[in-house]
1. With a Förster radius of 60 Å, plug the Cβ-Cβ distance of residue 533 and residue 328 into 1/(1 + (r/R0)^6) and report the FRET value to the nearest 0.05.
2. Please report, for the Cα atoms of the stretch 641-735, the Rg to one decimal and the Dmax as a whole number; what are they, in angstrom?
3. Which semi-axis lengths, in whole Å and largest first, follow from the square roots of five times the eigenvalues of the Cα gyration tensor of the chain?
4. In percent, how large is the relative contact order of the chain, given Cα pairs closer than 8 Å and 6 or more residues apart?
5. What is the spin-label model distance, in nm, from residue 224 to residue 657 if the labels are put 7 Å beyond Cα along the C-beta direction?
6. Could the peptides 340-348, 110-118 be put in order, highest first, of the mean number of other beta-carbon atoms found within 10 Å of their residues?
7. Would you calculate, for the chain, the mean residue ellipticity at 222 nm contributed by helices, counting each DSSP H stretch of 4 or more residues as -39,500 (n - 2.57) and dividing by all residues, to the nearest 500?
8. Show me 624-632, 220-228, 701-709 ranked by packing, highest mean number of other Cβ atoms within 10 Å first.
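None of the figures in this text is laboratory data; all of them are computed from the coordinates on show. Just so you know, these numbers come straight off a predicted model, no measurement behind them. Note that we place each Cβ from the backbone using ideal geometry, even for glycine, and neighbour counts take in every protein chain shown.
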C-alpha cells in the first residue's frame, strides 16, 4: 500500500491562499511561501527557467510544481530522505554521505523552511559533504514540488454555550488528523482542528466525525473535565462521550483505562497519558513513513513490552492498550519538555480558544481568576528589578518610585501602576507546577509568569493573506537618551529572509499611529517610555486602543509596563509580541532588547526568544508574551530553534582547551512536538524536539568548527558558576 500522506482538510486551499511561488534567481531557483513568509533557495546548474506542471505529476503531496532542466541541484545541509514511486523509504542520508542510485523514479525530500520534493526519473547521485548536492543523470526528468507548512482551521463549527455543545465540538477535533497510524506523531501529519464559535444553535459541517470512534474518552459533561481532555481526544482521534461515572478511556474491544485514580489529580493523569501516547508513537514510527534512528527509541527499547514492527500496523484500539501498559516512570526521563501549558477559565466562551491550543497539543488546565496566590500579585513584589548578568546593578539600589531619579533609572515616565495592573486583576502563575516551555493564560486579568493568550491573536494569524518577503522592520526610538539602542537595526540583517529595516526618531502621536495603521511595518521594535495611558511620543502619549487596525504582525515594546499597549495591538490585528509588566532599568532593557532582537533575527519564535533571554539574563524574566508566542519574525533555516550550552572544562572561556557541549531543541514555528532535530556532528544522533542531546566533550578546534556552521544562541556556563552569558554561535567561534 502506498505510504503517500494525504493532505489535511486545511491543505486544500486555493492557490492564492497557499501562496507557493517559484522564482528564478541568479544561481538557481527560489521557492517562496507567501502565507508563512518563508523562502528557500536551491542552486541549479545550469540556471533554470522553471516550467509549471500539474501537481499530480508528483508522487508526493504538493501545492505547486515545476519542471527543472538542470543537471545539478544544491540545497542547504539537512536530513535527506530518498523514496521510491510508492513513497516507500529507499535511503536516509546525513551529513558526510555519498550515494549513487540506478535508473528509476526517486522522490528526494530536500525540505528546509518549506516542504519540498525533487522527483527524478532516471539515474541519481547525492552527496552531503558540502551542503546537499543532487546530480541528475543524462536524459532524466526532474520535477520540483513544494507544499506550504501553513496550518489553519479548514472549517468552523458553532456550538451553544452548553456542555453538550462543548462535548460535540471536541468530538470533531480528530477529523483534522491526516492519518491515524503512529506517523501522526510527526507535527506535519496533524491538521488544525475546526475553529469553534459559541452561538445560539449547534452547526457542525457534514463529515466531521472522529476517525477512530472505536476509542472513546468518557468524562462528566463539565468544562473542568472537557477542556483538559480535548488535546488527548484530538490526538487519539477518539469520540468524547458525556459520562457521569469516573473519567476513563474505553475501546470497543473492552479495554478500559482510568483517567482519575486515588491520590492522583485528574489533570495530571490526563497530561501523563497524552505525553505517553505521543512519545511511544514517536518511538514506533520508524516503521512508517520516515525511518530515522531516534535516540529516544534506543534509550527505552529494552523497557517496552511490545514489538514495534508488529504493533505499527495494528488498529488504534490494539495499539492503545499496549502504550498504556507501560509504566510512566519508565519512560518519563525521555519524554521531551512540552511546548505549551494553558490555563483556561471553566466558562463556555473559552471553548473558542480551545482548537488553537489543541493544535499545539497543549497541556490544558482549568483555573479560575481567583486561584493562584490569592488571586493577585502585589506590584511591589515585582517592581524591584533583578540585575543582568553582564551589567549587574549591584553598587546602588534601584530608586523607589517617587524619587527624582526614578524616571532616569527606569524605562517609565510615571509612577502609577496603571490600568490593568492591580492586585485585584492579576493572576500569579509563576508556580503553576508546569514544566512546559511556555505557559499561557486566557482568563480575565493580567497573568504573571505566563503569556496572555487570546482567540483574536490566532484569528489574526490565520486571516493573513499571501505577502511575499521582504519583511519590513520598523525601529522607533522616541527618547533621545536611548538613541544608542538604534544599533539594534544592525541585528536585523535577514540572513535567510530579506528584510527592509527603517529607523524612526521622535515620532509624534499621529506619526506612530500612521506607522502601525498603514501596513508599512511587519515587525515593530519600540524603544522609549510608557505611561498608563500609552507610549511616549514627541507630542504626548499614544494608546494603541485608539488605532483603527494594524497590519503589523509582531512587536517588541521595550518600555516599562507595556502590557496594555501590546494587548491593544493584538485587538487591532497583530499576532503576537513582547511586552513588560513592571519597571525595567534602562541599561538592562537595552541589553535584553538587543538579545531578543538577535534571536528573532535568526528565526526564533517570540516565546522561545523570551525564554532564552530569561535563561541567560535575570532581567529577562520581566518580559512576557501577549498573543501567539509561536510567531516568528524571520526565518530559521531548519524551522527549529536550537540552544547550545557550552561549559569550559579546564579554564575560562578563552583559555580552556576542552569544552562540554549540549544542545536543546526548542519548538520552532513549523517544527513542534514530535519533530526531530539532528545537530551536524558525528557525536550526535536524532533527538525529539523538546529534549537535549547528551553532553559531549570537544577540543577547542572541533568546537569552533562546529559553531561556525550556523548562527544559533549559545549559553556559556563558566565551570563551577551559576552565571551565564548569551552569545550567537558564529560570534563565539570568532571569540575562541
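1. 0.75
2. 13.0, 39
3. Sorted largest first and rounded, they come to 39, 33, 26 Å.
4. 10
5. 6.3
6. Result, highest mean first: 110-118, 340-348.
7. -5500 deg cm²/dmol
8. Top of the packing list down: 624-632, 220-228, 701-709.
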